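> This is the structure I have questions about; it appears just below.
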Amino acid sequence: MRIMISASDNNADAMVSEHFGRSPYFAFYSEIQKHYDFLKNSSINHESGAGISIAQLAVDEKVGAIICKKLGPKALRIIQESQIPVYESPAGTLEDVVDAFKKGTLTRLV
């Protein structure tokens, strides 16, 4: 499974970003390969609709789960329609959050 995580930077020690649509980067963690791929958020400076385009990216990338701190209502609707589970991230690095996901201790939002 690939997990999409909103990230403050493009490395595994980065903190989870505060808001999904305005996240500077997205980490895609592969549970099989135990590896991160990073994508810079090209929608970060859009006046509106940033979350919508990122939610659509999650659908297009066929991620199995999303981990973030905050998610706007329009992005949430797209993700709900696509039935991608969303988990609330506690404070911490990407590594911390992936470990919590593996242990099953994250709160499921959707």
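> Within the group Phe38, Phe28, which residue is surrounded by fewer than 19 Cβ atoms within 10 Å (Cβ to Cβ), within 10 Å of the chain's Cα centre (by Cα) and either of a type in the set (Ser, Thr, Tyr) or in a strand (DSSP E or B) (or both)? Break it down into steps so the answer makes sense when it comes.
Details: Phe38 fails: within 10 Å of the chain's Cα centre (by Cα).
After applying the criteria, what remains is Phe28.
> Could you say whether any residue in the range 71-83 is touching a residue at least 40 places away in the same chain (Cβ under 8 Å) and over 12 Å from the mean Cα position of the chain (by Cα)?
Just the residues of the range 71-83 that are touching a residue at least 40 places away in the same chain (Cβ under 8 Å), to begin with: 71-72, 75.
Checking the rest, the ones that are also over 12 Å from the mean Cα position of the chain (by Cα) come to 72.
Yes, the conditions are met somewhere in the range 71-83.
Bear in mind these aren't lab numbers, they're just calculated from the coordinates by the rules spelled out. Remember, predicted model here, so these are calculated numbers, not experimental data. We place every Cβ from the backbone using ideal geometry, glycine too, and count neighbours over all the protein chains shown.
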